[in-house]
Each structure stands twice: as structure tokens, then as C-alpha cells.
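Notes for the one structure printed next.
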Amino acid sequence: MPSLLLRFFVAGVTLLAGGVPALAQDGPSFDCAKAESGAEKLICGDDELAELDRLVADRFAAAVAAVKALDAGAVQAEKELHAYQRGWIKGRDECWKAGDERDCVEFSYLRRDAELVTQFMLEQPTGTTTWQCGDSSANEVVTMFFDTRLPSVRFERGDSVDTGTLVPSGSGSKYEGNFGRSISIKGDVATYRDPDPDGAEYECRSTN
């Protein structure tokens with residue numbers, strides 16, 4: 001994760017949902033007459049995907065507004081955010097390689113929505129839990145949960161911040177982040193895994 005954005009995330013700047021622009025009535029956020037990729041053409045012919053496109057476009061606009069409000073490093077942070085968004089669009093457009101292109105495009109939007117909301121605190125979390133992991137009282141993980149369309153979590157551990165989304169689990173709730181980070185929760189206990197390459201796993205207990 002880019003260092004400037006990391007400083008923004010750790011600072012905990014909050015942009016409430018009221019600051020997110022209202023969604024348009026129909027059609028995606030882009031001009032369908034100029035659609036080029038298979039994903040864009042698919043979105044233009046699918047009302048549900050078009051609505052998801054508008055949602056993510058509005059989330060992105062809110063995130064840009066948030067980084068522009070930074071006291072320092074705003075210009076570089078905005079450049080990095082735009083670069084990441086371009087990378088996400090490129091990944092979305094690779095969905096033609098998937099077995100079910102529509103499912104791939106839909107999941108791409110749901111995941112990006114969750115990332116933007118949790119990284120930039122575009123909504124208030126529905127709950128926050130602090131976990132004491134392993135034998136050290138200083139070994140803490142904070143999780144903030146968000147009621148996005150794909151339920152999501154924000155991990156805070158030391159000076160690192162990550163986002164994760166709910167995945168199928170046999171029992172309890174499991175959220176997976178980037179590079180192997182995950183947390184499996186059953187009541188007031190959880191199993192937390194650090195991201196690769198360390199990948200250390202800890203048994204944790206809620207301190208709330």
C-alpha cells in the first residue's frame with residue numbers, strides 16, 4: 001500500500017456518507033457510446049452492473065475529495081489513488097478470461113466498493129473490536145466492520161492498515177484481506193493471520 005495513503009488511513013480521516021454524491025438514475029458512469037472493453041459493453045447492457053458502476057464511481061469521487069483535504073502530501077496521494085483506480089479498471093477488464101464474466105465483473109465492483117469504504121472511512125463502521133493476540137498484551141489487532149454490499153472489515157495492526165471482505169466459512173465469520181491476511185471470528189475469540197511473507201497465526205480474544 002502506498003506510504004502516503006497509509007499515513008492518510010492511519011490518521012483516520014472520516015468522510016461521512018452524506019458527502020457521497022447521489023447516484024444517477026440509470027446507465028453507468030461512463031459513456032456507453034465509447035465503451036471499448038468487453039466488461040464495459042457488458043455493463044452497458046446490464047442495469048444491475050450499471051448501478052454498481054455508478055456506486056463505485058461515487059465512492060471513488062468521495063475518496064478523491066478526502067485525499068485532497070489532507071494537510072500534507074495531497075497531490076501525491078491523489079496521483080497514487082488515481083493510479084490504483086486505473087489498475088483496478090484494468091483488472092476488471094480482464095474478466096473476459098473468467099469462466100463467468102458477469103460474476104467476475106460484479107465481484108470486482110463489490111470488492112472495490114468495500115475497499116474504498118473501509119480504506120477511506122466513507123461510512124461509519126457498524127462495530128469495532130480490539131483483539132489481544134498471542135501471549136503479549138501489546139500484540140493487538142483492531143477490526144472495524146462495515147455494512148457494505150459485500151460485508152467488509154478494516155484491519156489496523158501497528159502502523160499497517162488493510163481491508164478485507166467476508167468469505168464463506170463453515171462456522172463463525174471469516175474475513176480475508178490482502179496477501180493472506182485473515183481473521184476467523186467465533187464470538188469473543190478469533191484466529192488472526194498476518195499477511196505474507198511472515199504469515200504468523202495467533203489465537204486472539206476480544207478486549208471490548
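Bear in mind that the values in this text are calculations on the coordinates, not laboratory data. These figures come from a predicted structure and were not determined experimentally. Quick reminder, even Gly has a Cβ in these numbers, built from the backbone with ideal geometry, and neighbours come from all protein chains shown.
Evaluated against (1) under 30 Å from LEU42 (Cα atoms); (2) surrounded by 14 or more Cβ atoms within 10 Å (Cβ to Cβ), GLN132 falls short on exactly one condition, (1).
Could we say that ALA57 is surrounded by fewer than 19 Cβ atoms within 10 Å (Cβ to Cβ) and either more than 17 Å from the chain's Cα centre (by Cα) or in contact (Cβ under 8 Å) with a residue 60 or more places away in the chain (or both) here? Against the criterion (surrounded by fewer than 19 Cβ atoms within 10 Å (Cβ to Cβ) and either more than 17 Å from the chain's Cα centre (by Cα) or in contact (Cβ under 8 Å) with a residue 60 or more places away in the chain (or both)), ALA57 does not qualify.
Considering (1) touching a Pro at 6+ places or on another chain (Cβ under 8 Å); (2) in a loop (DSSP other than H, G, I, E, B); (3) surrounded by 19 or more Cβ atoms within 10 Å (Cβ to Cβ), the lone condition that PHE179 does not fulfil carries the number (3). When the criteria are applied in full, GLU80 meets the requirement of being surrounded by 15 or more Cβ atoms within 10 Å (Cβ to Cβ), touching a residue at least 24 places away in the same chain (Cβ under 8 Å) and more than 21 Å from LEU166 (Cβ to Cβ). Restricted to segment 83-93, and to residues there that are surrounded by 15 or more Cβ atoms within 10 Å (Cβ to Cβ) and charged (D, E, K, R), the residue that is nearest to ASP53 (Cα to Cα) is ARG92.
The set of residues from segment 154-189 being in contact with an Asp or Glu (Cβ under 8 Å, 6 or more places away or on another chain) and small (Gly, Ala, Ser) comprises GLY164, GLY177, GLY180, SER182.
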